[in-house]
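Novice: Please find one structure pasted underneath; my questions will follow.
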């Protein structure tokens, strides 16, 4: 539960069914998602655009959910409070997000989330055209995230077994910054989210 205060951890672990989990995640976006993602869109709009791009491309349900929630680590870490300088240091929001989501979702959701920053570094290493199309915010964050991968890092990334979905997620991530693109609401995705939630086993009282 990295990124949450102790009281918040207790609240999250009291959730009893998938619908409660989805509703709690929705509240998190209600409370913190109105902050700016970049110069054009908010965190919530960016999340919705990412998911809707994934769905339009025929992505499987877990990857749509990964696209929707890939930046939830920014909200858990409170990075929205420190704008405009939160890109000046790397708090590894992708790792925070993956650990948090692993409480309720499987690796087909959490691993693309965990690897979506590495996917940017990978694409910058193997595709010069990709690097040239990054937004100013992405260029800035790339610098603190380690820059393009070297050959050994590329090999390790490919060996994860999740390079392809992580790279797909990365491309939707990069496109989901369109101030003119209409979006639905977080609750539009609630049935899909709930269908993929697995509640942690609890010991008997």
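Just so you know, all these numbers are worked out from the coordinates, no wet-lab data involved. All figures in this text were calculated on a predicted structure; none of them were measured in a lab. All Cβ positions, even for glycine, are placed from backbone atoms using ideal geometry, and neighbour counts span all protein chains on display.
Novice: May I ask you to work out the translational diffusion coefficient for the chain at 37 °C, viscosity 0.692 mPa s, via Stokes-Einstein with Rh from the Kirkwood sum over Cα pairs, reported in whole µm²/s?
Specialist: 190
Novice: Determine Rg/Rh for region 118-187; Rg is computed over alpha-carbon atoms and Rh is the Kirkwood hydrodynamic estimate from the same atoms.
Specialist: Rg divided by Rh gives 1.03.
Novice: Cut-off 10 angstrom, C-alpha nodes, Gaussian network model of the chain. Which of 165, 61, 112 fluctuates the most?
Specialist: Between 165, 61, 112, it is 61 that shows the largest mean-square fluctuation.
Novice: Under the definition of Cα pairs under 8 Å and six or more residues apart, what whole-number percent is the relative contact order of the chain?
Specialist: After rounding, I find 30 percent.
Novice: Among 64-73, 128-137, what's the highest-first ranking by average C-beta atoms within 10 angstrom per residue?
Specialist: Highest-to-lowest ranking by the protection proxy: 64-73, 128-137.
Novice: Could I ask something else about it? Using a Gaussian network for the chain with springs between C-alpha atoms less than 10 Å apart, which of these wobbles most: 140, 32, 114?
Specialist: Ranking 140, 32, 114 by mean-square fluctuation puts 140 first.
Novice: Pick out which of 108, 174, 127 has the largest mean-square fluctuation in a Gaussian network model of the chain, springs linking Cα atoms closer than 10 Å.
Specialist: The residue with the greatest mean-square fluctuation here is 127.
Novice: Once every DSSP H run of n ≥ 4 in the chain is given -39500 (n - 2.57) and the sum is divided by its residues, what mean residue ellipticity at 222 nm do you get, rounded to the nearest 500 deg cm²/dmol?
Specialist: -18000 deg cm²/dmol
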